[in-house]
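Notes follow once the structure below has been shown.
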Amino acid sequence: QVQLVESGGGLVQAGDSLRLSCAASGRTFSNYAMGWFRQASGKDREFVAGIRRSGNTNYADSVKGRFTISRDNAKDTVYLQMNSLKPEDTAVYYCAARPYILTTVFGDYEFWGQGTQVTVSS
């Protein structure tokens, strides 16, 4: 089992920044690919960003150039730095983990956090 706990969400204005954190416990963190997903009200959960064990990253087109995912294996934590936030970024953000291989498909992920709300006002 891997336990994931997100933090850092909140209410901000358009153009502001937020940093989300996801603390992992239970297994060897460095063996897991980590992803951030989000789900807006009434919409499907969608991939936002992911980071491989190597540190290589993937991003959804909608966040490229604005969001940055990173990981600190010494702290068993993955981060999502979100800059230039837009109202359409409003959603519940979830951290997810799966062994070894990064994918962008939420059904591939075995472990999930409880989510953290991000609200961006215009």
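The values are calculated or read from the model by the stated rules, or taken from the named source; none is laboratory data. A quick note: this is a predicted structure, and the numbers were derived from the prediction, not measured. Note: ideal-geometry Cβ built from the backbone for every residue, glycine included; neighbour counts use all protein chains shown. For accessibility, only protein heavy atoms count, side chains too; no ligands or nucleic acids. Shrake-Rupley method; radii C 1.70, N 1.55, O 1.52, S 1.80 Å.
In this structure, is G42 open to solvent by 80 Å² or more (accessible area, probe 1.4 Å) and more than 19 Å from T119 (Cβ to Cβ)?
no
For T68, which of the numbered conditions (1) open to solvent by less than 40 Å² (accessible area, probe 1.4 Å); (2) more than 17 Å from A40 (Cα to Cα); (3) without any contact (Cβ under 8 Å) to a residue 60 or more places away in the chain fails to hold?
Condition (1) is where T68 drops out.
Would you point out which residue out of D89, D16, D61, D76 is exposed (fewer than 14 other Cβ atoms within 10 Å of the Cβ) and of a type outside the set (F, W, Y)?
On the way: D89 fails: exposed (fewer than 14 other Cβ atoms within 10 Å of the Cβ); D16 fails: exposed (fewer than 14 other Cβ atoms within 10 Å of the Cβ); D76 fails: exposed (fewer than 14 other Cβ atoms within 10 Å of the Cβ).
Criteria check complete, one pass: D61.
Do we find that F29 is open to solvent by less than 20 Å² (accessible area, probe 1.4 Å) and closer than 16 Å to E110 by Cα in this structure?
Answer is yes for this residue.
For S21, indicate whether it is in contact with a Ser or Thr (Cβ under 6 Å, 6 or more places away or on another chain), open to solvent by less than 40 Å² (accessible area, probe 1.4 Å) and of a type in the set (G, A, S).
For S21, the condition - in contact with a Ser or Thr (Cβ under 6 Å, 6 or more places away or on another chain), open to solvent by less than 40 Å² (accessible area, probe 1.4 Å) and of a type in the set (G, A, S) - is met.
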